[in-house]
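Below: one structure, written as structure tokens.
The values are calculated or read from the model by the stated rules, or taken from the named source; none is laboratory data. None of the values given here were measured: they were computed from a predicted structure. No Cβ is skipped: glycine too gets one built from the backbone with ideal geometry, and neighbour counts run over all protein chains shown.
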């Protein structure tokens, strides 16, 4: 029962974290916030972000309130899982190294961001095989992935109908996730 509870907590928390990460990345990618998907992301994340934004101003285009909320949720997730799995002693051991906990949480959020982009690229490629417009989801996927694929396309232009930019971007993102995984220390 303990493993099932941890699984449920991690799953639903990570889904919310993915929404927060989308909220973080979409303005940086200059996404259209009139898109219904972007509106949904804003709707689900605004209650937490707007309350924190009052005392955490943005730095340029970087939404520091969203980053702070995501970081606090990720740290809380680690603590709750530790509490369920190992008890209070396990939580105390983690709290003894707060810098390590924050660093681990930031790396986890970075890894989730990279995975978000990998999945977006893969879904975009799959939808492109159907050669039809899928509405707001197509627009959102294009807005999220084009900034990653365009620089690659400039170096390696499409070979007729074959565009290798999605493949190369995915390989580079997977390598980046491997680097992030190597940096993560066991908690």
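The condition (being in contact with a helix residue (DSSP H, G or I) (Cβ under 9 Å, 6 or more places away or on another chain) and buried (at least 16 other Cβ atoms within 10 Å of the Cβ)) is satisfied by just one residue among 181, 169: 169. Contact map, the stretch 131-144: first residue assigned to a loop (DSSP other than H, G, I, E, B), second residue at pLDDT 85 or above and surrounded by 15 or more Cβ atoms within 10 Å (Cβ to Cβ), Cβ cut-off under 7 Å, separation 6 or more or different chains; pairs are 134/127.
One residue alone among 97, 106, 28 is loosely packed, with under 15 Cβ neighbours inside 10 Å and within 30 Å of residue 3 (Cβ to Cβ), and that residue is 97. State whether one or more residues within the stretch 81-92 are surrounded by 12 or more Cβ atoms within 10 Å (Cβ to Cβ) and under 21 Å from the mean Cα position of the chain (by Cα). Looking for residues that are surrounded by 12 or more Cβ atoms within 10 Å (Cβ to Cβ) and under 21 Å from the mean Cα position of the chain (by Cα), one finds at least one in the stretch 81-92, hence yes.
For the stretch 10-39, taking the residues that are more than 15 Å from the chain's Cα centre (by Cα) and touching a residue at least 60 places away in the same chain (Cβ under 8 Å), the one that is farthest from residue 143 (Cα to Cα) is identified as 36. Reported count of residues in the stretch 145-166, each being in a loop (DSSP other than H, G, I, E, B) and surrounded by 15 or more Cβ atoms within 10 Å (Cβ to Cβ), is 2. Selection of the stretch 148-187 for residues being in contact (Cβ under 8 Å) with a residue 24 or more places away in the chain and within 22 Å of residue 106 (Cβ to Cβ) yields 148, 173, 174, 176, 177, 180, 181, 183, 184, 185, 187.
Table: residues versus (1) touching a strand residue (DSSP E or B) at 6+ places or on another chain (Cβ under 6 Å); (2) under 18 Å from residue 119 (Cα atoms); (3) modelled with pLDDT of 95 or more.
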position	(1), (2), (3)
2	no, no, no
7	no, no, yes
20	no, yes, yes
27	no, no, no
38	no, yes, no
45	no, no, yes
52	no, no, no
66	no, no, yes
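Restricting attention to the stretch 60-74, does a residue exist that is under 17 Å from residue 15 (Cβ atoms) and surrounded by fewer than 13 Cβ atoms within 10 Å (Cβ to Cβ)? No: zero hits.
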